[in-house]
1. Of (1) without any contact (Cβ under 8 Å) to a residue 40 or more places away in the chain; (2) open to solvent by 80 Å² or more (accessible area, probe 1.4 Å); (3) touching a Phe, Trp or Tyr at 6+ places or on another chain (Cβ under 7 Å), Asp338 satisfies all except one. Which?
2. Yes or no: segment 144-164 includes at least one residue that is assigned to a loop (DSSP other than H, G, I, E, B), open to solvent by less than 70 Å² (accessible area, probe 1.4 Å), more than 27 Å from Ala434 (Cβ to Cβ) and not small (Gly, Ala, Ser).
3. Tally up the residues in segment 49-74 that are of a type in the set (A, V, I, L, M), open to solvent by less than 30 Å² (accessible area, probe 1.4 Å) and closer than 20 Å to Leu187 by Cβ, please.
4. If you scan segment 304-314, which residues turn out to be more than 15 Å from Phe372 (Cα to Cα) and either of a type in the set (A, V, I, L, M) or outside any helix (DSSP H, G or I) (or both)?
5. Evaluate the following for Glu284: is it among the acidic types (Asp, Glu) and either open to solvent by less than 70 Å² (accessible area, probe 1.4 Å) or modelled with pLDDT of 95 or more (or both)?
6. Scan segment 359-377 and report the pairs whose first residue is over 30 Å from Glu322 (Cα atoms) and whose second residue is open to solvent by 40 Å² or more (accessible area, probe 1.4 Å), with Cβ atoms within less than 6 Å and a gap of 6+ or a chain change.
7. Considering only residues that are of a type in the set (Phe, Trp, Tyr) and part of a helix (DSSP H, G or I), which ones fall in segment 165-193?
8. Which condition breaks for Asp172 when tested against (1) open to solvent by 40 Å² or more (accessible area, probe 1.4 Å); (2) touching a strand residue (DSSP E or B) at 6+ places or on another chain (Cβ under 7 Å)?
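The values are calculated or read from the model by the stated rules, or taken from the named source; none is laboratory data. Since the structure is predicted, the reported quantities are computational estimates derived from the model, not experimental observations. Here the Cβ is made from the backbone with ideal geometry for all residues, glycine too, and neighbour counts use every protein chain on show. Please note that ligands, DNA and RNA were not included when accessible areas were found on the heavy atoms of the full protein model with its side chains. Shrake-Rupley method; radii C 1.70, N 1.55, O 1.52, S 1.80 Å.
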Amino acid sequence: MKRALKDGSLSICHDGPLSCEREGQGVMVGALLCHDDFENVHTLLAVSGATRTLVSKDDLPPFTVAVPSVVENRRITEALLPNDKAIHLLTEKINALKKSSQNDSRSSEAEIAKYARERSSLTLESQNRVFDLYSFHCADGRVRSLREICRSRNIKMPPTGTGECCAPKLLDYAYAHSLKPFSMAELFVRNSEDCEEKPSPPCEERCRIILPEMLGLEILYRDSQIAVINKQSGLLSIPGRTPDKKDCVSSRLKNLFPECIEQPSCHRLDMETSGLMVLAFTKEAHRNLSIQFENGNIGKEYEACLDGILSQKGISAHGTMELYFRLDIENRPHQIWDAVYGKKAVTEWEIIRVEKYTAPDSSRRDVTRVRFIPRTGRTHQLRLASADSHGFGVPIVGDSLYGKCGKGERLLLHASRLSFDHPGSGKRMEFESASPF
């Protein structure tokens with residue numbers, strides 16, 4: 001793409017006028033390589049922006065496609081049209097008042113604020129119309145609307161231009177045409193003579209909203225041996241026994257990276273728990289990480305919101321507890337206290353603060369945000385440390401097993417920090433993930 005842009009055989013065209021603010025800012029271009037069912041390699045090319053297209057001077061090679069925008073520019077223009085004239089008139093009034101504000105600054109400021117509010121309201125209405133046009137084909141075969149994606153990530157209003165970066169364009173086209181992506185790169189281009197030397201990652205502001213939903217996983221780090229992901233609540237770590245429980249972190253990773261070993265998971269998080277997980281692509285890496293887990297070399301930290309005020313129960317601000325639990329064989333997967341046959345679970349805790357929690361039904365109540373550091377890796381260890389009478393006796397919000405889970409609620413437990421030695425280099429790797437609640 002760099003060579004083609006420099007020699008003019010490939011060019012970037014604008015469908016419509018280019019605003020003064022954007023002129024000279026540069027764009028992203030991207031390429032995605034995919035296999036089809038017959039192992040042909042397809043090359044997909046894209047440029048960022050709804051009004052930009054890639055045009056080739058000659059016919060593109062076989063299995064090469066210049067990918068269009070997810071939504072046609074014509075449809076976007078139609079969505080903006082109802083408010084376009086009114087927005088421009090308000091902008092003209094605001095600019096005129098700013099020029100004449102020296103005569104009566106107080107009244108002018110009030111009028112400017114009034115017109116600015118009207119313009120913001122119309123602009124928001126137009127943006128909503130545009131966002132309603134966007135849907136994306138995903139790795140699991142589903143088509144998800146931008147609205148659905150934003151709801152799943154607790155985002156009320158995505159930034160303008162969300163969905164028109166190269167990565168979502170390329171992946172949407174690939175999944176829509178049953179192609180299997182295996183390599184992608186993006187590059188910043190200021191003009192045909194000025195291309196970045198190194199590929200750029202997808203943008204944080206827009207792509208981070210869409211790509212995890214399209215790919216099925218939020219991948220924070222990947223190399224030839226390991227991947228670190230940020231698991232969403234509601235997704236299994238490993239497949240269950242029944243066909244309806246095959247969708248999980250491991251299966252999604254193998255779907256994205258077919259060269260991955262059969263069982264890449266070195267540890268697991270409960271389905272309802274979100275947060276950091278490390279997975280292995282090779283048997284050697286899996287063995288190394290498994291040994292680190294067994295030897296306690298893995299650093300883990302969690303955040304949770306507990307359903308009450310711990311200090312009112314006389315619980316100190318920090319400390320360590322030792323509890324003993326085993327499986328309740330008559331009520332799987334529950335764990336029960338057993339001082340004789342139970343396995344020891346050691347947990348450090350630190351109270352962060354007491355705060356107000358707003359439930360999905362809009363009711364509010366006091367909860368205690370706690371930082372947990374598990375020194376062992378027992379089943380439901382932190383949920384039991386919270387809920388069981390031998391621990392705090394205060395369940396985590398949304399715990400369907402050991403507490404209560406209201407309609408639309410999730411378990412407020414998140415794996416926020418993870419550290420380990422890289423199985424290849426031995427370098428200490430540390431990752432953080434902000435709590436989504």
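1. The failed condition is (2).
2. no
3. Here the count works out to 3.
4. Matches in segment 304-314: Asp307, Gly308, Ile309, Gly314.
5. yes
6. Pro360/Gly408; Arg364/Lys356; Arg364/Thr358
7. Tyr173, Tyr175
8. (1)
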